[in-house]
Amino acid sequence: MSKHVGIYLFADVEVLDFAGPFEVFTTASRVHKRLHPDRVEPFRTFSVARTPGPVHARAGLRIVPDHRIDDHPDIDVLIVPGGVVAAELLELDVLRWISRQSASCELVASVCTGAFILAHAGVVRGGRVTTHWEDQAELAASFPALDVVDGPRWIDQGKVVTSAGISAGIDMCLHLVGRLVSPALAQATARQMDYAWHAAAADRMS
């Protein structure tokens, strides 16, 4: 069965925060299909937003989401990107939706300042997390129970995975491909993307 990867979109989302994970999971499915034409693709990737209309990302890129938060396929892997998140933290319906998804899906992952959204939604209440280096002090001050770590490209707590800023989301999602399917597919995906994967630059659960 394909795992459903839902990427949440919102106004002023950072472009590479969502586009990087989208590229990783869709490329992984394409590479897997080429290597194993008789098998089902490992990921089905789609975007979800609060409203059906176009979302304007940071710097103005216009994206039309595939689904709304009140009408979408089941999600196995929820990706919450970052960007300018201040307004998003006030959207109680979004925070409740993320909380519900985290309870039902296999894992939740944030990119960059998406960690603030997870924290405000109650998805992360303690343990080691990371975010963009510029925002680590604010995250630690806002949520003292979190151990906000500088250095790792991503931190895997099992159910919740957080990444550092922007491009680190690519590294994190390649890790997730390796975790959910195989390290060989993660390496082949990075190779197909011509991406120098920081495969060891992580803080994993022991």
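Please treat every number below as a calculation from the coordinates, not as lab data. These figures come from a predicted structure and were not determined experimentally. Note that we place each Cβ from the backbone using ideal geometry, even for glycine, and neighbour counts take in every protein chain shown.
Remarks
- Ranked for footprinting exposure by Cβ neighbours inside 10 Å, fewest first, Ile63, Ile98 give Ile63, Ile98.
- Extending 7 Å from Cα along the Cβ direction at Glu91 and again at Arg179 yields two label points whose distance is 2.5 nm.
- The charge dipole of the chain, taken about the Cα centre with unit charges on the Cβ atoms of Lys, Arg (+1) and Asp, Glu (-1), comes to about 580 debye, rounded to the nearest 20.
- Were the residues from Thr51 through Asp66 laid out at 0.36 nm apart, the gain over their Cα-Cα distance would be 4.4 nm.
- Relative contact order of the chain: 21 percent, from C-alpha pairs under 8 Å at least 6 residues apart in sequence.
- Restricting the stretch 97-166 to GluC sites (Glu not before Pro) in coil, as DSSP defines it, with at most 16 other Cβ within 10 Å: Glu106
- Sorting Asp76, Asp71 by the number of Cβ atoms found within 10 Å of their own Cβ, with the fewest placed first, yields Asp71, Asp76.
- Given 11 as the ceiling on other Cβ atoms within 10 Å, longest exposed-site-free region of the chain for trypsin sites (Lys or Arg not before Pro) in DSSP loops: 40-124
- Average 1/r across all pairs of distinct alpha carbons in the stretch 81-174, invert it, and you get the Kirkwood radius: 12.9 Å.
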